[in-house]
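Comments concern the structure below.
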Amino acid sequence: AQSVSQHNHHVILSEAASLELGCNYSYGGTVNLFWYVQYPGQHLQLLLKYFSGDPLVKGIKGFEAEFIKSKFSFNLRKPSVQWSDTAEYFCAGRSSNTGKLIFGQGTTLQVKP
Amino acid sequence: DGGITQSPKYLFRKEGQNVTLSCEQNLNHDAMYWYRQDPGQGLRLIYYSQIVNDFQKGDIAEGYSVSREKKESFPLTVTSAQKNPTAFYLCASSGIQGNTEAFFGQGTRLTVV
C-alpha cells in the first residue's frame, strides 16, 4: 500500500538554526514527491517537488530536499530558519500510475525569535 | 481570478443529517481531491477523481460520497453513516500528470452537533 510518513510531529528551533524534517515513502512504481507548507491561516502551498533527474531539489524560500531512493526518503532541509518559517509542513507523494496523492501526518515547526 | 472555491467556510449540521460540501475550480484541472484534516493526522484522502464521471475511494471513504459530473466541480457529501464527521475538509485540484502541483481551496470547517 502507498504511504508517506513524517518522523517529527513538532519541532522547535531558534532563529538561524538548521532544519531537517524527515519523510519516508512506500510506493510501488513511479512516485512523484512534494513538500507543501501551510502558514497560519493560509492555503497549503508548494515548497518543492521531485519527479526525476537531480535528486537534490531546490524550492522557494531557501528550502531544499534530497531524494534518496535506497532509503525511500525525501527529507526537507534549510540551513538557517527564520521566525517567518513557523508553519506546518507536509510531505506528499503521488503515484504516476493512479494519480493518487497522499500526505504525511505533517510537522509543526515553531521558530523562536 | 483562477483558483479553487470551497463553500461554505463554516457549516453546522445536526447529527443524522447528510450535508454536501461544494468545491469548484476554474484552473481547467482534470484531477480533483477531497481530504480531511485533523490535528496530528495530516491530510487524509477521502476520494479523488482523475477525470469526469470517474472517481476512486481514498483511504477513509466510508461515510462519504462524491460525484464528478463536470470537470470544474467535485462535491462531497458527508452522510449520516460517517461516525465522526466534525472536521476540516480540504479540496484540491491538479493537472493529470503525476508531477504537477496540487492547488488547494480554503477549506470548510464542518461541525456536527
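Which aspartates and glutamates, on any chain, are close to A:K71 with Cα under 18 Å apart, when same-chain ones fewer than 8 places away are left out?
A:E20, A:D54
Within chain B, which is the longest segment that contains none of the trypsin sites (Lys or Arg not before Pro) sitting in a DSSP loop with at most 11 other Cβ atoms within 10 Å?
Details: sites that count: B:K9, B:K14, B:K83.
Counting only loop sites that pass the neighbour cut-off, the longest clear stretch is B:15-82.
Per residue of region A:42-50, in order, report the coupling 6.51 cos²θ - 1.76 cosθ + 1.60 (Karplus, θ = phi - 60°) as ³J(HN,Hα) in whole Hz, putting x for Gly and Pro.
Going residue by residue, I get 10, 5, 5, 9, 6, 8, 6, 8, 10 Hz, with x marking Gly and Pro.
Could you give the Stokes-Einstein D for region A:1-79 in µm² per second, using the C-alpha Kirkwood radius, 25 °C, 0.890 mPa s? Don't jump to the answer; show the numbers that get you there.
Details: Rh = 13.5 Å.
Diffusion coefficient, whole number: 182 µm²/s.
Give me A:Y25, B:Y89, B:Y48 ranked fewest to most by other Cβ atoms within 10 Å of their Cβ, as a rough exposure proxy. Write out the running numbers ahead of the final one.
Working: A:Y25 19, B:Y89 22, B:Y48 26.
The most exposed by this proxy come first: A:Y25, B:Y89, B:Y48.
Can you give the relative contact order of region A:1-54 as a percent, counting alpha carbon pairs under 8 Å and 6+ residues apart?
Worked out over region A:1-54, it gives 30 percent.
Between the DSSP loop rule and a limit of at most 15 other Cβ atoms within 10 Å, which GluC sites (Glu not before Pro) in region B:19-81 are left? If you can, show how the numbers build up before the last one.
Numbers: sites: B:E24, B:E62, B:E69, B:E72; in loops: B:E62, B:E69, B:E72.
Answer in residue order: B:E62, B:E69.
If contacts are Cα pairs under 8 angstrom and at least 6 residues apart, what is the relative contact order of chain A in percent?
Values: 285 pairs, mean separation 42.7, N = 113.
Averaging sequence separation for qualifying contacts and normalising by length gives 38 percent for chain A.
Please list, ordered by chain and number, the residues whose modelled amide H lies under 5 Å from the amide H of B:Q106; skip anything fewer than 5 residues away on the same chain.
Result for B:Q106 returns B:Q6.
Over all residues in A:23-32, what is the mean tally of Cβ atoms on other chains that come within 10 Å of each residue's Cβ?
On the way: counts 0, 0, 0, 0, 0, 0, 1, 2, 2, 5.
The shielding value for this peptide is 1.
Taking beta carbons within 10 Å but only from partner chains, what does the mean come to for residues B:23-36?
Details: counts 0, 0, 0, 0, 0, 0, 0, 1, 4, 0, 5, 0, 4, 0.
The mean count of partner-chain Cβ atoms within 10 Å per residue comes to 1.
So what J values fall out for region B:23-30 if you push phi through Karplus, 6.51 cos²θ - 1.76 cosθ + 1.60 with θ = phi - 60°, rounded to Hz, Gly and Pro as x?
Using θ = phi - 60°, the values come out as 9, 10, 10, 10, 9, 6, 7, 7 Hz.
Sorted by average packing, counted as other Cβ atoms within 10 angstrom per residue and highest first, what order do A:82-92, A:6-16 take? Intermediate values should be presented prior to the final figure.
Working: A:82-92: 19.2, A:6-16: 13.7.
Listed from highest to lowest mean packing, they are A:82-92, A:6-16.
Give me the distance between the Cα centres of region B:58-112 and region A:56-113, rounded to whole Å.
If we compute the Cα centre of each part, the gap is 23 Å.
Could you name the lysines in cross-link range of A:K58, using Cα to Cα under 18 Å and dropping any fewer than eight places away on the same chain?
Those lysines meeting the cut-off are A:K49, A:K69, A:K78.
Could you grab the relative contact order for chain B? Cα pairs under 8 Å, six or more apart, rounded to a whole percent. Each step should come with its number before you reach the end.
On the way: 290 pairs, mean separation 39.2, N = 113.
Computed over chain B, the figure is 35 percent.
Can you tell me the mean projection area, over all orientations, of the convex hull of the protein assembly as shown's alpha carbons? Units nm², please. Mind showing how you got there, number by number?
Numbers: hull surface 49.9 nm².
It is 12.5 nm².
According to the Kirkwood expression over distinct Cα-Cα pairs, how big is the hydrodynamic radius of chain B, in Å?
Details: mean 1/r = 0.0716 Å⁻¹.
Evaluated over chain B, this radius sits at 14.0 Å.
Using only the Cα atoms of region B:19-74, what do you get for the radius of gyration and for Dmax, in Å?
11.4, 33
Each reported figure results from applying straightforward, stated rules to the coordinates on display, with no laboratory input. As the structure is a prediction and not an experimental result, all values here were calculated from the model. A quick note on method: Cβ atoms are made from the backbone with ideal geometry, for glycine too, and the neighbour counts reach across all protein chains shown.
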